[in-house]
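Undergrad: Provided herewith is a single structure, encoded as structure tokens, for subsequent inquiry.
The values are calculated or read from the model by the stated rules, or taken from the named source; none is laboratory data. These figures come from a predicted structure and were not determined experimentally. Here the Cβ is made from the backbone with ideal geometry for all residues, glycine too, and neighbour counts use every protein chain on show. These accessible areas exclude ligands, DNA and RNA; they are computed on the full protein's heavy atoms, side chains included. Shrake-Rupley method; radii C 1.70, N 1.55, O 1.52, S 1.80 Å.
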Amino acid sequence: MIDFSDKEKTKALLSEKAELFKSIAHPVRLCILAMLIKEKQSNVTDIQCCLDVPQPTVSQHLSKLKSAGILSSERNGTEIIYKIINEEVKNIIIQILDN
């Protein structure tokens, strides 16, 4: 739990968590994350087919998730494989999407 006795530390922690939520708070990004949880890893083409949105849109969302430290990417020949590296986000997505 949060230690409210140190207000500056609490403020910094809450700000960090808010930024994390902002990073995942979009239907396309939630879908990408849910798919990557299920598939463990995937490339842009497979993600784009699943989402039925243009490839540039998927790439923009993947870039945001990667820059937020949620995803990693690895080049495999001509394709780039994405996977979730942030376990906290993985657990959040599982919690909110597990009906």
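Undergrad: Looking only at the range 27-75, which residues are open to solvent by less than 30 Å² (accessible area, probe 1.4 Å) and of a type in the set (Val, Ile, Thr)?
TA: Of everything in the range 27-75, those that are open to solvent by less than 30 Å² (accessible area, probe 1.4 Å) and of a type in the set (Val, Ile, Thr) turn out to be Val28, Ile32, Val44, Ile47, Val58, Ile70.
Undergrad: Another question, then. Checking the condition in contact (Cβ under 8 Å) with a residue 12 or more places away in the chain, over 25 Å from Asn91 (Cβ atoms) and among the aliphatic types (A, V, I, L, M), which residue from Val28, Val53, Val58 passes?
TA: Val53
Undergrad: Sticking with this one: Check Ile2 against each of (1) open to solvent by 50 Å² or more (accessible area, probe 1.4 Å); (2) touching a helix residue (DSSP H, G or I) at 6+ places or on another chain (Cβ under 8 Å); (3) at pLDDT 95 or above and name the one condition it does not meet.
TA: (3)
Undergrad: Out of the range 5-21, which residues are within 10 Å of the chain's Cα centre (by Cα) and either of a type in the set (Lys, Arg) or open to solvent by 50 Å² or more (accessible area, probe 1.4 Å) (or both)?
TA: Phe21, the sole residue that qualifies.
Undergrad: Give me the helices (runs of 4 or more DSSP H) completely within the range 43-99, filtered to those with at least 2 residues that are at pLDDT 95 or above, ordered by residue number.
TA: Of the helices (runs of 4 or more DSSP H) lying wholly inside the range 43-99, those with at least 2 residues that are at pLDDT 95 or above span 55-67, 87-97.
Undergrad: Next question, about the same structure. Just checking, does the range 13-33 include any residue being among the acidic types (Asp, Glu), part of a helix (DSSP H, G or I) and farther than 24 Å from Asn76 by Cα?
TA: For the range 13-33, residues among the acidic types (Asp, Glu), part of a helix (DSSP H, G or I) and farther than 24 Å from Asn76 by Cα: present.
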